[in-house]
């Protein structure tokens with residue numbers, strides 16, 4: 001076996017994502033905001049493209065999970081959605097939020113208050129969402145347990161679920177492209 005020379009410069013280029021090179025992406029979830037303005041939020045991607053498969057070349061390639069930060073303005077909501085293939089973690093860095101948990105499209109929505117440095121992990125197959133009830137924006141770390149998660153679904157009959165069905169073909173083209 002031939003030993004290759006280790007280059008810290010190449011390592012850093014491939015495996016380091018710096019804050020100053022990240023951009024706050026208010027457009028990645030804009031399709032949700034167009035359904036309801038309270039769904040407004042932004043994402044900074046660090047590892048992987050996430051479930052939206054946004055074509056962001058400025059990320060560390062994901063091998064096992066995705067990692068981003070999410071800005072959730074005061075009064076805004078990350079709507080209930082379900083990942084059938086992956087757990088999702090919300091870790092609150094700043095602010096106070098309410099996690100929304102629902103077993104299926106027709107069951108009760110449970111609310112769990114979270115503050116700074118609190119964390120919730122939602123297993124596959126459970127609807128989850130997040131709401132900022134505070135007066136200031138919240139900042140969260142978001143992880144998905146797969147390098148290329150399936151597109152999430154929304155509660156049956158919701159406007160977002162109908163939109164998701166339309167967008168599924170677009171997402172597949174991005175992933176293959």
Regarding region 116-130, can at least one residue be identified that is surrounded by fewer than 12 Cβ atoms within 10 Å (Cβ to Cβ), without any contact (Cβ under 8 Å) to a residue 60 or more places away in the chain and under 18 Å from the mean Cα position of the chain (by Cα)?
yes
Given (1) assigned to a strand (DSSP E or B); (2) at pLDDT below 90, identify the lone condition not met by residue 173.
(1)
If you take the residues of region 131-143 that are farther than 10 Å from residue 93 by Cβ and surrounded by 16 or more Cβ atoms within 10 Å (Cβ to Cβ), which of them is farthest from the chain's Cα centre (by Cα)?
134
Do you know which of the residues in region 18-60 that are modelled with pLDDT under 90 and exposed (fewer than 13 other Cβ atoms within 10 Å of the Cβ) is farthest from residue 148 (Cα to Cα)?
58
For region 30-42, pairs from a residue that is over 15 Å from residue 74 (Cα atoms) to a residue that is in a helix (DSSP H, G or I) and modelled with pLDDT under 95, with Cβ under 7 Å and 6 or more apart or across chains, are 31/163; 31/167; 32/160; 35/159; 35/160; 35/163
Within region 147-156, does at least one residue satisfy the condition of being over 27 Å from residue 57 (Cβ atoms) and surrounded by fewer than 17 Cβ atoms within 10 Å (Cβ to Cβ)?
yes
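Output the number of residues of region 99-134 satisfying the condition of being closer than 19 Å to residue 68 by Cα and in a strand (DSSP E or B).
Number satisfying all stated conditions: 10.
The values are calculated or read from the model by the stated rules, or taken from the named source; none is laboratory data. Treat the numbers as computed from the prediction; the structure is a model and nothing was measured. Ideal geometry is used to build each Cβ from the backbone, glycine not excepted, and the neighbour counts take in all protein chains shown.
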